[in-house]
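Colleague: Quick one: this structure, given as structure tokens, is what I'll be asking you about.
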Amino acid sequence: MGPSGLLDVLKVASVVLDVEGRIVLWSPQAEELFGYPAREALGEYAARIMVHEQHLDLVVKLFADVMETGEGWAGAFPIRRKDGGTRLVEFRNMRLLDDQGDVYALGLCADQSTVRQVERDVALSTRTIAQAPVGLAVLDTELRYVSVNPALAELNGLPAEAHLGHMPHELMQDAEAARTVEAALRAVLRTGEPVINRRIVGRTRAHPDMDRFWSISLYRLEDTAGTVLGVAGMAVDITEQHQAAVAAETARRRLALIADASARIGTTLELDRTAGELADVAVPELADVAAVDLLDAVVQGRRSTLGPAEPAVIRALAVRSAHDTGAVEAADPPGHIARYGPDRLVTECVRTGDPVLVARVGEEDLPRIARSPEAARQLGRAGLHSYLAVPLIARGEVLGALDLKRIHNPLPFSEDDLLLARELAARAAIQIDNARWYQNARDTALTLQRSMLPSHPPVTGGLEVASRYQPAGAAAEVGGDWFDVIPLEGAKTALVVGDVMGSGIEAAATMGRLRTATHTLASLDLEPTRLLEHLDTITQGLDHSIATCVYAVHDPELRQCRIANAGHLPPVRVRPGRPPELLELPTGAPLGVGGVAFSTTTVDLEPGDQLVFYTDGLVETRRHPLDERLDALLALLDDPGRPLQECCDLLLRTLHQPENSDDVALLIARVLDPA
């Protein structure tokens with residue numbers, strides 16, 4: 001073991017006297033304390049050079065008593081230095097006996113102010129350690145406790161004396177925390193690099209049933225000579241601060257989740273997508289598996305109320321999972337309709353309009369959660385341990401439920417989780433309600449529109465004809481596009497494509513009126529310009545409706561087609577051996593504007609020639625110039641021999657973008673060889 005630095009701090013001087021009181025040994029510290037070098041002090045009477053004159057008699061007597069009785073003496077009195085000054089010195093005197101039987105006197109002395117300062121420092125350190133509100137400990141170089149203050153004893157749940165002589169792993173209940181602490185202690189002891197505010201988590205004898213959090217700081221202890229004495233450590237219990245920080249972070253994340261939900265849920269009016277957005281927000285922040293289910297009656301636009309003994313007929317809209325788990329297989333797949341008995345928890349949720357929370361799911365709870373016994377077994381194998389169902393309520397009506405499950409997340413659903421789930425459900429329910437009413441209205445309009453579109457034979461009046469109607473993207477309303485193929489007298493055929501401006505049921509209804517009027521007027525065998533004039537007048541009377549239209553009459557005997565245009569995009573003529581071309585027609589004004597004359601253009605058509613009619617939804621986008629899109633249309637019509645049905649599919653598949661907010665009517669007619 002290396003030397004202690006305490007004596008160096010005290011600068012203890014050593015003086016040895018013979019029986020006559022002469023100095024026979026004089027230490028370097030004595031030279032510093034009294035001011036006499038050894039060559040001047042050795043052989044001199046100690047009393048003469050070490051003691052002030054006024055204490056000479058007392059010192060001589062004390063010296064004699066020590067030499068005669070052998071009892072030591074301790075005390076403090078002033079000395080005289082060589083420079084004439086005086087200093088108060090602490091003395092310890094004792095008699096020495098050598099192997100020859102000779103007697104000597106040993107005097108140990110130190111400056112009293114230095115001794116008092118050390119005493120104060122020690123007392124201050126001792127009281128500071130004892131009264132400190134944080135845990136303090138000193139360990140030796142073998143990492144055994146040599147000092148522990150009451151605060152650390154309380155933290156560890158052991159008396160201070162029970163620590164002494166033991167290593168941390170022998171006393172700490174949490175083995176992992178003990179390994180972490182001892183590894184840090186060894187590193188500090190080896191390198192001298194201190195550890196500042198390292199967070200440790202574990203359990204102690206004082207708190208065996210819950211994790212505690214501490215901040216520890218460690219530093220190596222060395223004396224003034226640099227000798228390593230051990231390691232000192234400080235431990236502060238920060239469990240409350242940690243819990244407060246966790247609570248604050250949890251609150252921040254919940255607010256962020258609610259804000260995220262507001263931005264992410266309801267980006268479209270598509271019901272399935274809106275439900276999927278709610279499930280996406282809930283996973284994995286709130287649940288490992290989330291499902292959004294609506295009452296089937298609600299999806300169909302009916303109000304639903306359940307009696308106590310009634311089952312719930314539920315349509316699954318979305319399922320999301322944070323992990324690959326059997327719990328997904330146990331959930332109803334999107335689009336599936338299932339009957340949940342009155343004893344099921346989701347039925348209770350949608351019947352009462354109240355959330356259902358099973359914080360800790362037991363085996364007896366699984367049959368009330370799952371749709372079937374097999375699904376219950378799947379949930380059990382997956383490890384479902386906590387369940388929460390929250391009603392989706394909009395405008396006072398229960399639409400369905402948000403179904404949440406925890407499997408990998410070890411924490412059960414809490415009351416805070418319930419509040420968050422209810423907030424998400426409340427925000428999403430309005431969007432889901434908007435989407436389901438919009439979808440109902442859209443389905444009604446689409447049904448109405450499809451019922452008004454014609455079904456025509458593939459061959460009529462010397463023409464082979466193919467057509468398509470493509471609704472707009474799911475987020476858009478139904479439009480007023482239409483086409484028609486009308487047989488006329490003399491083997492002639494009228495070809496019509498139109499587009500009512502606007503969308504929804506009103507546009508579809510206006511389209512139906514114009515189509516009926518066109519049929520009636522075409523039966524009169526009117527010139528295309530005259531027919532458009534009548535349609536213009538009719539349109540002006542339809543609540544300020546506006547529509548574009550192309551009306552063409554094909555005459556197989558004259559091998560001609562007479563065409564009039566009311567503000568519509570020009571048809572394309574496709575001829576074998578020639579590039580496709582946009583017909584140059586006077587544009588005309590849309591129907592409903594009034595007061596603008598229309599004109600008729602005659603176009604020659606030979607067997608094998610085609611006319612392609614379309615509405616603007618096929619070619620117009622927000623991202624591309626119209627000329628660029630029309631060129632793309634012409635490029636796709638480069639094969640006059642392609643079957644017309646394939647050509648329709650090719651045009652729609654290539655040109656009609658999924659995000660397009662407009663519907664498309666497409667009509668292609670090819671002139672047949674009379675033979």
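Colleague: Mind checking which pairs have a first residue in region 65-90 that is over 15 Å from SER113 (Cα atoms) and a second that is among the acidic types (Asp, Glu) and assigned to a loop (DSSP other than H, G, I, E, B), Cβ under 9 Å, 6 or more apart or different chains?
Modeller: ASP65/GLU71
Colleague: Only one residue in GLU506, GLU581, GLU557 is at pLDDT 95 or above and not aliphatic (A, V, I, L, M). Which one?
Modeller: Checking each option against the conditions leaves just GLU581.
Colleague: To continue, here is another question. Of these, ARG515, ARG530, which one is without any contact (Cβ under 8 Å) to a residue 40 or more places away in the chain, within 15 Å of LEU591 (Cβ to Cβ), part of a helix (DSSP H, G or I) and of a type in the set (Lys, Arg)?
Modeller: It is ARG530.
Colleague: Do we have any residue at all in region 349-356 that's assigned to a loop (DSSP other than H, G, I, E, B), touching a residue at least 60 places away in the same chain (Cβ under 8 Å) and buried (at least 16 other Cβ atoms within 10 Å of the Cβ)?
Modeller: yes
Colleague: Of the residues ASP174, ASP140, only one is more than 13 Å from MET234 (Cβ to Cβ), acidic (Asp, Glu) and crowded, with 18+ Cβ neighbours inside 10 Å; which?
Modeller: ASP174
Colleague: State all residues of region 209-219 that are under 33 Å from the mean Cα position of the chain (by Cα) and over 12 Å from VAL236 (Cα atoms); if no residue qualifies, say none.
Modeller: If the condition is that a residue be under 33 Å from the mean Cα position of the chain (by Cα) and over 12 Å from VAL236 (Cα atoms), then ASP209, MET210, ASP211 are the ones that fit.
Colleague: Moving on to the next point. The conditions are (1) part of a loop (DSSP other than H, G, I, E, B); (2) buried (at least 16 other Cβ atoms within 10 Å of the Cβ); (3) at pLDDT 90 or above, and GLY608 fails exactly one of them. Which is it?
Modeller: Looking at each condition in turn, GLY608 falls short on (2).
Listed here are the residues, each with its yes/no results for (1) in contact with a His (Cβ under 9 Å, 6 or more places away or on another chain); (2) at pLDDT 85 or above.
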| residue | (1), (2) |
| --- | --- |
| SER262 | no, no |
| ALA275 | no, yes |
| ASP296 | no, yes |
| PRO308 | no, no |
| HIS323 | yes, no |
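Colleague: Collect the residues in region 286-308 that are in a helix (DSSP H, G or I) and crowded, with 19+ Cβ neighbours inside 10 Å, keeping them in residue-number order. Please lay out each step first, then the result.
Modeller: Of region 286-308, the ones in a helix (DSSP H, G or I) are 296-299.
If the condition is that a residue be in a helix (DSSP H, G or I) and crowded, with 19+ Cβ neighbours inside 10 Å, then VAL298, VAL299 are the ones that fit.
Colleague: Let me ask something else about it. In region 502-547, what residues are closer than 23 Å to PRO571 by Cα, surrounded by fewer than 17 Cβ atoms within 10 Å (Cβ to Cβ) and aliphatic (A, V, I, L, M)?
Modeller: LEU526, the sole residue that qualifies.
Colleague: If you don't mind, another one. Suppose we filter LEU569, LEU585 for residues that are within 56 Å of the chain's Cα centre (by Cα), surrounded by 15 or more Cβ atoms within 10 Å (Cβ to Cβ), assigned by TED's automatic domain parsing to the domain that holds LEU651 and part of a loop (DSSP other than H, G, I, E, B); which single one remains? Outline the logic, then answer.
Modeller: Details: LEU585 fails: within 56 Å of the chain's Cα centre (by Cα).
Step by step, each of LEU569, LEU585 is checked, and only LEU569 is within 56 Å of the chain's Cα centre (by Cα), surrounded by 15 or more Cβ atoms within 10 Å (Cβ to Cβ), assigned by TED's automatic domain parsing to the domain that holds LEU651 and part of a loop (DSSP other than H, G, I, E, B).
Colleague: Just for region 408-452: of the residues that are among the hydrophobic types (A, V, I, L, M, F, W, C) and not in a helix (DSSP H, G or I), which one is modelled with the highest pLDDT? Step through it out loud before you land on a result.
Modeller: Initial filter on region 408-452 (among the hydrophobic types (A, V, I, L, M, F, W, C)): 411, 413, 418-421, 424-426, 428-430, 432, 435, 437, 441, 445-446, 448, 452.
Narrowing further to those that are not in a helix (DSSP H, G or I): 411, 413.
Details: LEU411: 89, PHE413: 94.
Looking at the filtered set, the residue picked out is PHE413.
Colleague: Then there's this: So in region 517-563, with the set limited to residues that are small (Gly, Ala, Ser) and either out of contact with any Asp or Glu (no Cβ under 8 Å at 6 or more places or on another chain) or not assigned by TED's automatic domain parsing to the domain that holds LEU585 (or both), which one is nearest to TYR614 (Cα to Cα)?
Modeller: That would be ALA552.
Colleague: Across region 659-674, what is the number of residues that are buried (at least 19 other Cβ atoms within 10 Å of the Cβ) and modelled with pLDDT of 90 or more?
Modeller: 8
Colleague: Can you report the number of residues in region 153-201 which are within 20 Å of GLU240 (Cα to Cα) and among the basic types (Lys, Arg)?
Modeller: Residues flagged as within 20 Å of GLU240 (Cα to Cα) and among the basic types (Lys, Arg) within region 153-201 amount to 2.
Colleague: Oh, and also: Restricting attention to region 622-635, does a residue exist that is in a loop (DSSP other than H, G, I, E, B) and either buried (at least 18 other Cβ atoms within 10 Å of the Cβ) or modelled with pLDDT of 95 or more (or both)?
Modeller: No, region 622-635 contains no residue that is in a loop (DSSP other than H, G, I, E, B) and either buried (at least 18 other Cβ atoms within 10 Å of the Cβ) or modelled with pLDDT of 95 or more (or both).
Colleague: Go through ASP98, ASP121 for me and flag whichever is over 60 Å from the mean Cα position of the chain (by Cα) and of a type in the set (Asp, Glu).
Modeller: The unique qualifying residue is ASP98.
Colleague: Here is a follow-up. Exactly one condition in (1) touching a helix residue (DSSP H, G or I) at 6+ places or on another chain (Cβ under 7 Å); (2) among the hydrophobic types (A, V, I, L, M, F, W, C); (3) exposed (fewer than 11 other Cβ atoms within 10 Å of the Cβ) is not met by ALA259; state its number.
Modeller: For ALA259, the failing item is (1).
Colleague: As an exercise: evaluate VAL361 against (1) buried (at least 20 other Cβ atoms within 10 Å of the Cβ); (2) touching a residue at least 60 places away in the same chain (Cβ under 8 Å); (3) not in a strand (DSSP E or B) and give the number of the one condition it does not meet.
Modeller: Condition (2) is where VAL361 drops out.
Colleague: Which condition does LEU655 not pass, out of (1) more than 21 Å from THR548 (Cα to Cα); (2) surrounded by 19 or more Cβ atoms within 10 Å (Cβ to Cβ), if it passes all the others?
Modeller: Unmet condition: (1).
Colleague: Suppose we keep only residues that are of a type in the set (S, T, N, Q) and touching a residue at least 40 places away in the same chain (Cβ under 8 Å) within region 226-257. Which one would you say is farthest from GLU142 (Cα to Cα)?
Modeller: Residue satisfying both the conditions and the ranking: THR250.
Colleague: Here is a follow-up. For VAL574, work out the one condition from (1) modelled with pLDDT under 95; (2) farther than 23 Å from ALA517 by Cα; (3) not small (Gly, Ala, Ser) it doesn't fulfil.
Modeller: (1)
The values are calculated or read from the model by the stated rules, or taken from the named source; none is laboratory data. Just so we're clear, the structure is a prediction, and the values are computed from it rather than from any experiment. So basically every Cβ, Gly included, is an ideal-geometry build from the backbone, and we count neighbours across all protein chains shown.
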